[in-house]
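The values are calculated or read from the model by the stated rules, or taken from the named source; none is laboratory data. Being a predicted model, the structure only gives us computed values, none of them experimental. Heads up, the Cβs are rebuilt from the backbone with ideal geometry, glycines too, and the neighbour counts pull from every protein chain shown. Please note that ligands, DNA and RNA were not included when accessible areas were found on the heavy atoms of the full protein model with its side chains. Shrake-Rupley method; radii C 1.70, N 1.55, O 1.52, S 1.80 Å.
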Amino acid sequence: IRMIQIELHLFVCNDQWLNDIIGLETFSSRLFLHRLDLENPRNLPLESVRRLLDMHSPADLSLYLEDDLVISDPMFFDKMYWFTQRTGHKYVLMPHRYEPTSANAPQKYFVDGPINMLQDQKPIWSTDEKVLMSGRFWDGSEVDFVAASNPHSGSFCLSHMQISKLKNKKWPPKTFIGPLETAATGTVLNDFHVLKPSWLCRNFLTIEHGNPSFLGHLTTLPCRQKEE
């Protein structure tokens, strides 16, 4: 039985944070607040990642999360640890982000669909992504993994060895969309192969987007027609 000990580091910009919401008194034994003096708040994500990489004694797993993500899976860290060990620390696994939906809709609206290059006219669907590897998790479930055309999930999880590899790499990393996305995704893209569970195995590793800003597009995005 592996015991999980969680240490939380919260990075805020200047005085722009809500003490009552954070609950420092409640989580004081395991929550460390870092107040960064920044002229531009848009730099907060990358500054936070830089400090995560520079921590004196990295944990077995270092998880970076944007502040609107919710982990509900009690096996989330077990799955990440299993994946990094099985793949020799050569790959980074990203979860599938979703927003809960209600009446007349799927229960989960997955928000990070495939990215199509501008020169490609043919649509790309999640079911078309090629399976690169498969594995059997501790609970017996078989999981397929793909090199997702959209690697973003607003987060990353790195092993101790992967953190060590990134410490002395060129900084900041190559821009991926914008500062926020670069922190979560660009940090790892140049040095690791980024995988996600295949579409059929998407529920193996998920994370909730707690700010449901994609739901408004639920009825406007193209849908794949069922084949006759």
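Among the residues that make up the range 57-78, is at least one of them at pLDDT 90 or above and more than 27 Å from Leu205 (Cα to Cα)?
Within the range 57-78, none of the residues are at pLDDT 90 or above and more than 27 Å from Leu205 (Cα to Cα).
From (1) touching a strand residue (DSSP E or B) at 6+ places or on another chain (Cβ under 8 Å); (2) open to solvent by less than 40 Å² (accessible area, probe 1.4 Å); (3) more than 24 Å from Thr220 (Cα to Cα); (4) without any contact (Cβ under 8 Å) to a residue 60 or more places away in the chain, pick out the condition that doesn't hold for Lys130.
Checking Lys130 against (1) touching a strand residue (DSSP E or B) at 6+ places or on another chain (Cβ under 8 Å); (2) open to solvent by less than 40 Å² (accessible area, probe 1.4 Å); (3) more than 24 Å from Thr220 (Cα to Cα); (4) without any contact (Cβ under 8 Å) to a residue 60 or more places away in the chain, the one that fails is (2).
Only residues that are assigned to a loop (DSSP other than H, G, I, E, B) and either among the aliphatic types (A, V, I, L, M) or touching a residue at least 40 places away in the same chain (Cβ under 8 Å) (or both): list them for the range 50-87, please.
Narrowing the range 50-87 to residues assigned to a loop (DSSP other than H, G, I, E, B): 54-60, 66-68, 71-75, 87.
Of everything in the range 50-87, those that are assigned to a loop (DSSP other than H, G, I, E, B) and either among the aliphatic types (A, V, I, L, M) or touching a residue at least 40 places away in the same chain (Cβ under 8 Å) (or both) turn out to be Asp54, Met55, Pro58, Ala59, Asp60, Glu66, Asp68, Ile71, Ser72, Asp73, Met75, Thr87.
Select from the range 110-128 the residues that are closer than 24 Å to Glu99 by Cα, part of a loop (DSSP other than H, G, I, E, B) and either among the polar types (S, T, N, Q) or at pLDDT below 85 (or both) and list them in ascending order.
At the first step, the residues of the range 110-128 found to be closer than 24 Å to Glu99 by Cα are 110-116, 123-128.
If we keep only those that are part of a loop (DSSP other than H, G, I, E, B) as well, we get 111-116, 123-125.
Those that are closer than 24 Å to Glu99 by Cα, part of a loop (DSSP other than H, G, I, E, B) and either among the polar types (S, T, N, Q) or at pLDDT below 85 (or both): Gly113, Pro114, Ile115, Asn116, Pro123, Ile124, Trp125.
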